[in-house]
1. Can you tell me which of Ala195, Ala219 is modelled with pLDDT of 95 or more and not charged (D, E, K, R)?
2. Enumerate the pairs (first residue in segment 216-234 and more than 12 Å from Ser168 (Cβ to Cβ); second residue anywhere and at pLDDT 80 or above) with beta-carbon separation below 9 Å, excluding pairs fewer than 6 apart on the same chain, so at least 6 apart or on different chains.
3. Show the residue pairs that are 6+ apart or on different chains and have beta-carbon atoms under 6 Å apart, the first residue being within segment 70-83 and in contact (Cβ under 8 Å) with a residue 60 or more places away in the chain, the second being part of a strand (DSSP E or B).
4. So, in segment 50-83, exactly how many residues are within 24 Å of Glu159 (Cβ to Cβ) and assigned to a helix (DSSP H, G or I)?
5. Look at segment 26-38 and say how many of its residues are touching a residue at least 40 places away in the same chain (Cβ under 8 Å) and either in contact with a helix residue (DSSP H, G or I) (Cβ under 6 Å, 6 or more places away or on another chain) or outside any helix (DSSP H, G or I) (or both).
6. Of all residues in segment 114-135, how many are over 21 Å from Glu164 (Cα atoms) and in a helix (DSSP H, G or I)?
7. Given (1) modelled with pLDDT under 90; (2) crowded, with 18+ Cβ neighbours inside 10 Å, identify the lone condition not met by His74.
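The values are calculated or read from the model by the stated rules, or taken from the named source; none is laboratory data. Here the structure is a predicted model, which means the values were calculated and not measured. Counting neighbours? That spans all protein chains shown, and the Cβs are built from the backbone with ideal geometry, glycine included.
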Amino acid sequence: MTAGTSAGRFQLGPSSLTEALYESLRARIVNGDIAPGERLTEQRIAGEYDVARPTAKACLEKLTALGLLRRTAHKTAVVPELDIDDITDLFFCRGLVESAAAGRLAATTTVPDAATEAQQAMIAAVEQDAYRDQVEADIAFHTALVGGVGSTRLSRLFETISGEIQLSMGLYQAHKTAKPASVAHEHDAILTAIADGNQELAERCVREHLQHAADRVAARREQQLAEPENQPTV
């Protein structure tokens, strides 16, 4: 079967089938359309997208490798739920990797084109109050900073936590709790420090930016847990 048939509920774009499937499922997970704790099986994916089971399996394996799904031996893959310890540890690791990337970029005053493009997309998304576009632009910005260093090992380290980064951005909707332009403003400060060759400032801007993000995610998680629909019934 092909992605262009009408049997499946979701249509895929004209790129590599596995990659298109991955991007569609990634977006649905990050945006909360597939909720934490929800199961994803080869059969479900094959039916929803009208793809072969091996294609669905390859996509599940990629989502799991990147942390967007979790599975144990002989268990169905599920969207993970990040608790406060997960969030704290995730942002600790992000701080190490991303501040190192910003410092290295500042050492050569290298502002990656992809980071500039992501920043422009972020500003446009803020102006249009497009929440999902803000999330995608934010993901692209941080990925571009690490990728811009040109270190395959640093990028590999970042990739191992990239799925959980996307989950933390999307599932807890922390951008909605920030002032509309604050994230874009902090991104701009990072790029300016890099362009000025100020390694110490670039690293500090990244650490402060990530701390603000961690605080928002943690606060948003607590807020969601306190909402009536999440309270146990008696």
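1. Among Ala195, Ala219, only Ala195 is modelled with pLDDT of 95 or more and not charged (D, E, K, R).
2. Glu222/Ile84
3. Between residues of segment 70-83 that are in contact (Cβ under 8 Å) with a residue 60 or more places away in the chain and residues that are part of a strand (DSSP E or B), the close pairs are Pro80/Arg70.
4. 12
5. Final tally of qualifying residues: 8.
6. Of the residues in segment 114-135, 11 are over 21 Å from Glu164 (Cα atoms) and in a helix (DSSP H, G or I).
7. (2)
A quick yes/no check of all residues on (1) buried (at least 21 other Cβ atoms within 10 Å of the Cβ); (2) in the same structural domain as Asp33 (by TED's automatic domain parsing):
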{"position": "Ala58", "(1), (2)": "no, yes"}
{"position": "Asp89", "(1), (2)": "no, no"}
{"position": "Cys93", "(1), (2)": "no, no"}
{"position": "Met122", "(1), (2)": "yes, no"}
{"position": "Ala130", "(1), (2)": "no, no"}
